[in-house]
Each structure stands twice: as C-alpha cells, then as structure tokens.
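The values are calculated or read from the model by the stated rules, or taken from the named source; none is laboratory data. Here the structure is a predicted model, which is why all the values come from computation and not from measurement. Positions of Cβ are generated from backbone atoms using ideal geometry, with glycine treated the same way; all protein chains shown enter the neighbour counts. Remember, those area values only see protein heavy atoms, side chains included, never the ligands or the DNA or RNA. Shrake-Rupley method; radii C 1.70, N 1.55, O 1.52, S 1.80 Å.
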Amino acid sequence: MSSNTESGAAPLGHVRIVLVGTTHPGNIGATARAMKVMGLSALHLVAPARFPCAEATARAAGADDILARANVHTHLEEALSGVRTVYGTTARERHIDWPAQSPREAAAAIAADGEDVAIVFGRERSGLTNEELDRCQRAIHIPTSATFRSLNLAQAVQICAYELRLAHAAGAPAAVREGRDPPAAAAELEGLRAHTLAVMEAVGYYDPAQPKLLERRLQRLFNRAGLLHSESQILRGFLAAIEQRMSRDD
Ligand code: SAH
C-alpha cells in the first residue's frame, strides 16, 4: 500500500489513532474532539462496546465528522493495514524488554515520518494485552506520578495529539524541506560569527585583547539558533550596512 494513504495533503494525515476495545462511548467522542482540535482526522475503532452512539456524538462536541468517518474493525490487525510503524501506549513505564518513549520523543519521530503511522490506545480498565503490545514496534508512556499512573483514555490521546501538533509546528518550513533554503552551512556560520565580532569590535563593544566568553557564547548562540541560509544572509547584510554607515561617518 502506498504511503500516506489517508492523508491527502493534510500535514498529520499519515497518523491514525487506534482505540482498542473501548467500553465507554463518551471516550470515543472525547477522543474525536481531542484529535480534531490538534488537526488529526483518522480514527480507527477495534471492537468498541457501543458505536455509533449518541453519547459519543455528544462528547465529540462538533467533531462528529471524525466519528462519521471512523473505521470500525473486528481485529487490531485490520486497523493496522498499510501502517509501517505502530506505537502502543501504556500506563506502565517499561514493556518487557524495551523502555517506553515519552510522547514528545515519539512525536518528533512520527511528525517527520513519511509513511503511515498508528498510535494504539487500550481499554479503559485493562489497557492493551501483551499480544497487542507485541504487535507494536515502539511503546509510548506519558510520564505521571509514580503512585497514580493511569490517565483517562481521551486525555491520553489529547496529550499525544498535542505533542504531534507541537512537533509538526516545529518542523521545517516547506522551503527548507524542498531545498530552496537550506540550513546555513558551517562555513557560513563561521563567517557570520567572525563578521559579528568584527563589527562588535568596530563599535567598541568587543575587545579582542580581552575576549572573555563572548566568542564562545556567540558561537553557541549561532549553532543553537538553527539559522537558515536566508537568515544568515540577512544578518550579514545588516552587519555590512553598519560597516558602510561607519565608513561614511569617518
Ligand atoms: N490499567 C490500565 C490502564 C488503562 S488506561 C493499564 O495498566 O494499562 C486506558 C488507556 O489509556 C491505556 O491503554 C493507554 O492507551 C492510555 N493511557 C493511560 N495512561 C497512560 C500513560 N500514563 N501513558 C500512556 N498511555 C496511557
């Protein structure tokens, strides 16, 4: 199956939320709302106790289009058809051999993934079975109090959906992804740092005889800022304009 099968052009359209064995229809409705508000739309239900249901629609609070398009399956495997990476959510910190990721760590990888991804949520009382978790390549655990670990199902979906939203918003703009405006190269950053220091010296802010921490801090700042080529060009242009004005004033 091709990638992003459910997506069209939607930015998080490659992410499907899978609820397994949900008992309370209200949680299905609240999940639809939690998804829609963060820009997710693909909801898959595996053997829900009651669906469709007026209580689900009421709790969806306007996200009933997501309920109307929800795919209902008998088995988890059907809900995962066409998906490359499956994340299982668990109220427990470790699942058998591998540590669970936080929603933030997982969301960064999911938002950047070009293929379809599923995030699977378990039953209100008992979560996912070990067999269901074994079907997941990765586990997500929402950090909680050590003595009270279990969130309401729809609230767990909300936290994961919010992190996906943040990760998506932090993602590179189209011009960067398409290579029209690449990140500034190391040599560009070095040129910017040297040029900034030269202008700082010219205006009397920086004394190369007493460098202190300024040089390193500036380097750290430019490295951390993740400047694009175009942004580094703006700063270089600004520095050049200062130099020009100073030479005219002399
Ligand atoms: N007693 C169950 C809790 C189920 S809560 C258990 O031990 O697993 C219902 C569902 O909400 C879980 O299956 C999971 O999908 C989600 N959930 C609840 N708390 C969570 C947490 N701290 N981290 C990740 N998912 C959680």
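Computed values, structure above
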read-out: Arg165 - accessible surface, heavy atoms, 1.4 Å probe, Å² rounded to 10; value: 100
read-out: Whole-percent carbon and sulfur share, accessible surface of the chain, 1.4 Å; value: 53
read-out: Accessible heavy-atom area order of Thr23, Thr74, highest first, probe of 1.4 Å; value: Thr74, Thr23
read-out: Sequence of Tyr205, Tyr162 when ordered by accessible area, the most exposed leading, probe 1.4 angstrom; value: Tyr205, Tyr162
read-out: 31 Å tail of the calculated P(r), the chain, as % of Cα pairs; value: 42
read-out: Relative contact order (percent, whole number), the chain, Cα cutoff 8 Å, 6+ residue spacing; value: 19
read-out: Percent RCO, i.e. relative contact order, over region 186-249, from Cα pairs under 8 Å lying at least 6 residues apart; value: 50
read-out: Of Gly237, Gly13, Gly26, the one that fluctuates the most in a GNM where the chain has Cα springs shorter than 10 Å; value: Gly237
read-out: Nearest-0.05 FRET efficiency for Ala169 and Thr129, computed from C-beta distance (R0 35 Å); value: 0.50
read-out: Centroid-to-centroid separation of region 95-169 and region 13-48 [C-alpha atoms, Å]; value: 13
read-out: List His24, His14, ordered by accessible area with a 1.4 Å probe, largest first; value: His24, His14
read-out: Sites Leu213 and Val37 - FRET efficiency at Förster radius 45 Å, r taken between beta-carbons, to 0.05; value: 0.50
read-out: Probe 1.4 Å, protein heavy atoms only - accessible area per residue of the chain in square angstrom; value: 56
read-out: Rounded to 5, percent antiparallel among DSSP beta bridges of the chain; value: 20
read-out: Sites Glu93 and Ile234 - FRET efficiency at Förster radius 30 Å, r taken between beta-carbons, to 0.05; value: 0.10
read-out: Phe51 accessible area, 1.4 Å probe, all protein chains in place, Å² to nearest 10; value: 50
read-out: Leu214 accessible area, assembled protein chains, probe 1.4 Å, Å²; value: 50
